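Here the structure is laid out as structure tokens; the discussion comes afterwards.
The values are calculated or read from the model by the stated rules, or taken from the named source; none is laboratory data. Note that the coordinates shown come from a computational prediction; the quantities given were computed from them, not determined experimentally. Using ideal geometry, Cβ is built from the backbone for each residue, glycine included, and neighbour counts are taken over all protein chains shown.
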Amino acid sequence: MIDLKALRDDPDTARASQVARGADPALVDELLAADERRRALLSSFEQQRAEQKELSRSIGKAAPEERQAVLGRARALAEQVKDAEAQADEAARELDTLLWQMANVVADGVPPGGEDDFVVLREVGAPRDFEAEGVAVRDHLELGEGLRAIDTERGAKVSGSRFFFLTGVGAQLELALLNMAMDKATAAGFSPMITPTLVRPAIMAGTGFLGAHADEIYHLETDDLYLVGTSEVALAGYHSDEILDLSDGPRRYAGWSACYRREAGSHGKDVRGIIRVHQFHKVEMFTYVSEADAAAEHERLLALEEEMLAAVELPYRVIDTAAGDLGSSAARKFDCEAWLPSQQRFLELTSTSNCTTFQARRLGVRERTAEGETRPVATLNGTLATTRWIVAILENHQQADGSVRVPQALQPYLGGRTVLEVQA
């Protein structure tokens, strides 16, 4: 939820944010009008209530011959106060509805535009020249099947399209990646968490996932619970309706969870293999921090993601995501995309978002200041490893015979194995 006071003080910034996102700036003016109406009706209610209290105090002082008239006026005023309160409450609900419709205000410097309008901040590492090496490039599914690491055919038989089994070394590789990510997060001061994968509607809505992309989420109607697409959701709700002490620094968590996404509207896009699937695993960093420190924390999360990509020896680039491609809760998002040899393109492996105070306002997460006051905190998230990384690791480290070299940093997590061998 956006800061209503900031909206009043600087509506032009909010309008510009809406335009940059490709959204309607008129929503800002609707909000301002609704806020003005709410405040006017609230003021009227409070004034009439004060008059009611004053009149009630006068009843006992009224002369006997005047008391019935005073009581009549008191009863009429009570009805007016009741009506004024109902109008003020309705105006507050209308304002709240509009507030929940507006996305976070984008940060300064975020590129305007849509999915293709990102800005490349840097490229790190050079893609291999497979042709010069005499290696015929296989895609990750062919490699995975040769290693007996990925089984999409039986995944579809058991659960339908876009499900899969990771078998043998495939399962070991995913566990190696996630354990390596959790070790890195723990060393960086994050508390490891195994999080719930089912959450209440209030938590899902509070994180901003029940807006334009609600059709991506699995909903269990009988229980009225949602399956999460990231442990960010559970971690954002972990301190809901709490006041945090951040005097010793941010609260940092690393959540390991299964994740579920319907992938609605993505038919025909990356359907081969395990690039775009309905279920996967992920280690997600999540931070509660004072708003003034949020930008610096964002850079810290990005640096940890880049360290992980360097550790598994992948060429990648970092992009500054355009405003129209941001989720509703993000004020800024950086993506790290690894090179995918089989498709000669970059593939997103990680993202990190600064949500400023947007989620915390919805979920009631505050901090207590040195002066004893409370204020919303900022929340940030960032992916440290996920199942999709297997795609890039297999393809970038493949060898001519279909085997795959294990990056040195991963070898201890695979029992010292240096090569994943083709299975007969």
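Within the range 229-262, the only residue that satisfies the criterion of being part of a loop (DSSP other than H, G, I, E, B) and of a type in the set (A, V, I, L, M) is LEU246. Note on the range 349-373: residues that are modelled with pLDDT under 95 and of a type outside the set (D, E, K, R) total 3. Of all the residues in the range 368-382, those that are in contact with a strand residue (DSSP E or B) (Cβ under 8 Å, 6 or more places away or on another chain), in contact (Cβ under 8 Å) with a residue 12 or more places away in the chain and not in a strand (DSSP E or B) number 1. Being among the charged types (D, E, K, R) and over 21 Å from THR152 (Cα atoms), is that true of even one residue in the range 384-395? The answer is no, given that none of the residues of the range 384-395 is among the charged types (D, E, K, R) and over 21 Å from THR152 (Cα atoms). The listed residues are ARG366, ARG317, ARG361, and the only one of them that is over 16 Å from the mean Cα position of the chain (by Cα) and closer than 18 Å to ALA294 by Cβ turns out to be ARG366. Going by what's in this entry, would ALA310 be described as more than 19 Å from GLY249 (Cβ to Cβ) and surrounded by fewer than 20 Cβ atoms within 10 Å (Cβ to Cβ)? In short, yes. Inspect the range 231-246 for any residue being free of Cβ contacts under 8 Å to residues at least 24 places away in the same chain and either charged (D, E, K, R) or within 19 Å of ASN104 (Cβ to Cβ) (or both) and give the result as yes or no. Within the range 231-246, none of the residues are free of Cβ contacts under 8 Å to residues at least 24 places away in the same chain and either charged (D, E, K, R) or within 19 Å of ASN104 (Cβ to Cβ) (or both).
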